[in-house]
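Data first, discussion second: the structure below is written as structure tokens.
The values are calculated or read from the model by the stated rules, or taken from the named source; none is laboratory data. Everything quoted here is computed from the prediction, not taken from an experiment. Ideal geometry is used to build each Cβ from the backbone, glycine not excepted, and the neighbour counts take in all protein chains shown.
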Amino acid sequence: MKTESKADIYRKLPSVDELVHRATLAPLVSQEGHAAVTDAARAVLASMREEIAAGRLNPNEVDLALSGLDRAVERQVRHALQYSLRPVINATGVILHTNLGRAPLLASVFDHIRETAGVYSNLEFDIATGERGKRDVHVDRLFRKLLSEDVDVGAGVLARGAERSASAISTIVVNNNAAAVLLALNTLADGGEVIVSRGELVEIGGSFRIPDVMAKSNAVLREVGTTNRTRISDYERAITEKTRLLLRVHRSNFQITGFTQQPHLEELVELARKRNVPLMEDLGSGALFGLRSIGVSGEPSVLDSLRARVNVVTYSGDKLLGGPQAGILSGDSDLIARMRSNSLFRALRVDKLTYAALEATLLAYVKGEHDAIPALRMMRLSREEIARRAEVVAGKIRAPKLSVEVVDGESVIGGGAAPSAVLPTRLIALTREGLPADELCARLRASNPPVIARVEDGRVLLDLRTVFPEQDEVLVQALKHLASE
């Protein structure tokens with residue numbers, strides 16, 4: 001019997017045009033369009049050619065694949081037309097997981113977006129006067145209230161306001177904190193010097209470096225002190241007629257320990273006031289509530305900085321605030337007004353969706369509805385609450401090959417916030433006979449929706465702190481499927 005050559009096998013494959021014009025694919029073409037089906041047919045045939053070239057398909061296997069071409073094209077079309085951005089179950093225990101979208105949004109955000117984005121809105125229209133308005137007003141009024149009054153942060157804890165009148169504090173919003181820093185530096189220090197400690201020349205995720213953004217802003221970096229020790233006298237000696245700004249950068253994603261020194265914020269405020277130079281603080285994460293209320297110390301809040309009389313504070317919207325991605329600048333109204341009039345502000349401004357999401361988030365703070373904000377609620381979950389859920393989930397998995405136990409562990413806040421802080425939790429630990437932990441983790445990612453876990457000491461660990469309660473049963477089904485494979 002003659003053995004078929006690769007050329008003979010290739011000749012069995014239909015052309016793209018022949019495949020697309022099959023009568024059996026006519027309904028798919030009618031539903032999804034000729035272009036989509038053509039792209040799918042091209043991809044399916046190209047994949048078969050690669051398999052044949054690599055010797056992974058013998059003639060019999062090719063015949064089998066050819067008999068299922070229609071189904072393969074349909075699967076490819078469905079795959080190509082589905083959303084790439086998908087929901088996942090975050091079982092890592094990292095609350096502000098940058099790769100998983102950081103802070104999940106509260107339910108009222110979606111209601112507000114639906115009400116205002118699906119129709120026209122007064123984004124930049126003053127309804128009272130009938131004239132053009134400013135988009136800032138929708139959130140600035142709420143920031144004024146939150147930053148100039150005593151704020152209930154839940155659990156009977158009050159965070160004192162900044163002890164300034166509401167008119168003395170203003171807030172504007174740009175697309176992220178890097179943009180906020182860029183706008184502030186360009187507005188306040190264009191062509192002049194900015195004094196910053198060498199120990200604060202940080203790099204965060206995505207290769208965002210303070211010296212680089214300083215250069216882009218057209219400000220001149222003036223480093224003082226050393227990596228581990230900077231004194232207030234270092235700042236004072238560096239001030240000249242060229243100095244436009246003192247900058248303090250919160251080391252949000254790392255710590256320097258041991259033989260260290262850093263001026264107290266109050267010292268910098270006093271120096272800035274004495275030498276008539278504005279002080280700006282890049283907080284990065286930026287909380288509107290006292291982290292001490294959840295047992296985390298050493299992490300400053302926006303209120304702490306403004307209460308200490310820092311002139312401008314920059315922070316993120318999608319980290320400790322628990323809202324949408326945004327860069328927020330709060331501080332002295334005259335300085336914020338200068339930033340608002342900078343042409344760069346228009347290039348960096350946010351859209352109506354962000355304003356709607358941020359307004360709904362801030363209203364939850366104003367109303368004292370802190371548990372409505374998912375990130376805050378997760379931070380405040382106790383070890384005992386998580387343990388009860390973990391025992392229920394683990395108790396539903398019965399499989400001889402899959403070992404499931406509940407063990408002690410730690411959650412982290414993430415997002416570059418409170419890098420040394422950990423929250424006690426209980427973890428579901430998984431091992432499976434004959435299957436490495438990395439492969440077990442990969443199979444969980446292949447679930448629908450994907451389950452994202454972490455691997456430690458040869459075990460897959462699931463932390464329910466970051467799993468929404470309504471996802472518990474979905475997680476159970478994913479684990480049952482894993483056990484049955």
Could you list, in sequence order, all residues of region 435-458 that are of a type outside the set (D, E), more than 13 Å from A483 (Cβ to Cβ) and not in a helix (DSSP H, G or I)?
-> P436, A446, N448, P449, P450, V451, I452, A453, R454, V455, G458
Among the residues of region 107-130, is there at least one that is buried (at least 18 other Cβ atoms within 10 Å of the Cβ) and in a loop (DSSP other than H, G, I, E, B)?
-> no
Taking first residues from region 166-185 that are assigned by TED's automatic domain parsing to the domain that holds V139 and surrounded by 24 or more Cβ atoms within 10 Å (Cβ to Cβ) and second residues anywhere that are part of a strand (DSSP E or B) and among the aromatic types (F, W, Y), the pairs with Cβ under 9 Å that are 6 or more apart or on different chains are N177/F208; N177/Y315; A180/Y315; V181/F208
For residues that are among the charged types (D, E, K, R) and surrounded by 21 or more Cβ atoms within 10 Å (Cβ to Cβ), tally how many sit in region 277-313.
-> 3
Check off (1) at pLDDT 95 or above; (2) outside the structural domain of K352 (by TED's automatic domain parsing); (3) farther than 28 Å from S301 by Cβ for S121 and give me the number that stays unchecked.
-> (2)
Are there any helices (runs of 4 or more DSSP H) wholly within region 224-339 with 1 or more residues that are of a type in the set (S, T, Y), and if so which?
-> 232-238, 302-307
Working only within region 395-410, note down all residues that are of a type outside the set (D, E, K, R) and modelled with pLDDT under 95.
-> G395, I397, A399, P400, L402, S403, V404
